1. Helix 2-20 sits at what angle to the longest principal axis of the chain, using alpha carbons and giving 0 to 90 degrees rounded to 10?
2. Under 19 Å Cα-Cα from Lys484, which lysines qualify once same-chain neighbours fewer than 8 residues away are excluded?
3. Output the relative contact order of region 240-472, whole-number percent, from Cα pairs under 8 angstrom with separation of 6+ residues.
4. Report, largest value first, the span of the C-alpha coordinates of region 222-276 along each principal axis, in whole Å.
5. Ratio of region 124-236's C-alpha Rg to 2.2 N^0.38 Å, to two decimals?
6. Can you give the FRET efficiency to the nearest 0.05 for Leu460 and Leu369, using r as the Cβ-Cβ distance and R₀ = 30 Å?
7. Helix 251-263 versus the longest principal axis of the chain: what angle, 0 to 90°, nearest 10, using Cα atoms?
8. What value does the chain have for Rg/Rh, both radii from Cα atoms and Rh as Kirkwood defines it?
Amino acid sequence: NILVIRSFFLLLLSCIAVKTNLCFPSISASYGLGMLSLEGRLTFDEVQHAARDFGNRYQFLPLAVLHPASVSDIAVTVKHIFQKGASSQLTVAARGHGHSLQGQSQAHRGFVVNMESLKNPKIKIYSAGKFPFVDVSGGELWINILRESLKYGLAPKSWTDYLHLTVGGTLSNAGISGQAFRHGPQISNVHQLEVVTGKGEIVKCSPDQNEDLFYSVLGGLGQFGIITQARISLEPAPDMVKWIRVLYSDFKAFTRDQEYLISSEKTFDYVEGFVIINRTDLMNHWRSSFSPQDPVQASHFTSSGKTLFCLEVAKYYDHGDTDEVAKEVEMLLSQLSYISSTLFFSEIPYIEFLDRVHVSEIKLRSKGLWEVPHPWLNLLIPKSTITKFAEEVFSTILTDSSKGPILIYPVNKSKWDNRTSVVIPEEDVFYLVAVLSSALPSSTGNDELDHILQQNRRILDFCKAANLGVKQYLPHYSRQEEWKVHFGPRWEGFVRRKSAYDPLAMLAPGQRIFQKAL
Ligand code: FAD
């Protein structure tokens with residue numbers, strides 16, 4: 001009995017030590033980490049930051065965080081863990097800016113690679129020639145790439161709505177925004193990658209070299225390798241943006257116009273939209289950034305008690321082209337059937353337009369409302385079922401849009417490459433619907449969060465029951481059976497790629513697709 005009690009206490013002490021990482025010299029020794037020759041540093045004590053993400057719902061403490069100074073630091077560490085074999089149970093997660101929602105960039109008792117420490121290569125623009133491009137580190141933030149490329153009058157073509165995300169983080173998903181209908185997602189705008197595989201090998205890949213690894217990694221949820229470098233396509237950047245919002249009360253008219261705009265040659269440069277359910281004072285809120293075309297008419301329009309659909313479009317232009325662009329915009333708007341009194345517009349520099357969500361971030365941070373739980377739900381919905389989805393979800397399930405924006409916009413499948421790992425619906429046109437709720441603190445505990453999670457569950461259950469052919473974007477499942485359904489006929493290919501590039505299933509454990517070892 002004494003022996004049992006003694007072992008119990010020893011076990012308890014070691015658990016406490018591991019949980020608080022008090023035993024880091026012995027961790028380092030037992031895993032032989034002290035032997036590694038690194039230019040950067042490995043920390044065992046300052047690891048709390050790596051256990052957090054934007055979703056603010058899951059927190060898994062890693063054993064250690066690597067702050068790499070070079071690609072070799074990442075390769076050496078991954079190879080070392082790989083050579084320990086399956087028995088070590090150690091896993092490795094690349095952490096970009098940690099803006100995942102459900103712990104995807106975390107590694108419970110594993111290693112987190114803090115990709116933002118990797119400053120090599122410095123952002124390098126190749127502006128000569130017909131097809132300019134930029135070489136960047138996988139841990140670079142898109143906002144920094146934009147700032148640097150603008151110095152050459154250039155910019156990447158495809159974006160996310162928010163730019164304080166890393167290249168490796170968005171390329172592991174897809175990277176979608178209002179330019180995707182024309183240029184495809186960010187993963188369609190990459191020429192070449194450098195990747196550290198789950199075996200610790202450093203491999204260059206592109207459509208012409210190690211093609212299978214290249215397409216595996218794009219949209220690959222971090223499963224096949226750590227992106228350490230990317231070569232991204234650039235285009236001439238405009239000076240300014242005409243940014244326009246108009247409202248619809250008829251969903252069919254709204255989607256008809258959106259679909260028309262994404263199918264036309266002569267169209268806007270950015271097409272998005274969002275749903276407004278029972279908002280009071282909407283127009284006054286807009287007036288801080290937009291001007292109504294007709295202030296008197298606009299002041300008579302009320303949004304309260306209504307479900308409205310806002311088409312948001314933008315046209316890029318240079319300073320010299322003001323008159324021409326005004327005519328073009330007028331022509332495009334004349335073909336649409338929005339409620340005429342609801343035309344609002346704004347003209348801002350290109351960088352301000354692309355970095356627009358950061359303005360909201362600053363405001364929310366100042367009120368302590370940025371670091372709240374974010375139970376977001378992102379769905380890709382085929383064109384043929386979007387009306388059925390809208391009829392149920394925007395009237396019965398979601399009864400107001402006060403918890404955060406509800407984005408809705410279509411993209412063209414022809415701009416997505418089916419050799420990448422991302423899973424999308426079967427049809428030529430499909431919609432992104434993003435229900436971006438924040439669970440604000442309430443005096444009654446977790447009620448708000450539970451309520452939003454329940455709504456999300458109802459939406460997913462409805463999609464399944466009605467057989468809408470929906471796929472999750474930024475997918476989250478906790479059981480492999482669910483992942484199999486998500487991948488459908490592509491599951492076997494995904495598993496084959498996993499065995500080839502990360503045979504011990506060490507990488508990105510926070511996605512919960514595979515368990516070390518396969
Ligand atoms: P992390 O959260 O750090 O990592 C995400 C996943 O990628 C993890 O599994 C991680 O292990 C893996 N990973 C990270 N870096 C690498 C790497 N170098 N190599 C391999 N794997 C890696 N998405 C859109 O498409 N469009 C949007 O408009 C959009 N807007 C957003 C707005 C906000 C405010 C937020 C918080 C997110 C938004 N997203 C959007 C989602 C975002 O693109 C993803 O969550 C993305 O993964 C975040 O990038 P990150 O650098 O924070 O990645």
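Every number in this text was worked out from the coordinates using simple rules, so none of it is lab data. In this text the structure is predicted, and so the values were computed from the model without any measurement. Positions of Cβ are backbone-derived with ideal geometry, glycine not excepted, and every protein chain shown enters the neighbour counts.
1. On a 0 to 90 degree scale, this one is about 40.
2. Cross-link targets: Lys464, Lys471, Lys498, Lys516.
3. 26 percent.
4. 46, 33, 22
5. Against the compact-globule rule of thumb, the ratio is 0.99.
6. That pair, Leu460 with Leu369, gives E of 0.70.
7. Once rounded, the angle reads 80 degrees.
8. 0.99
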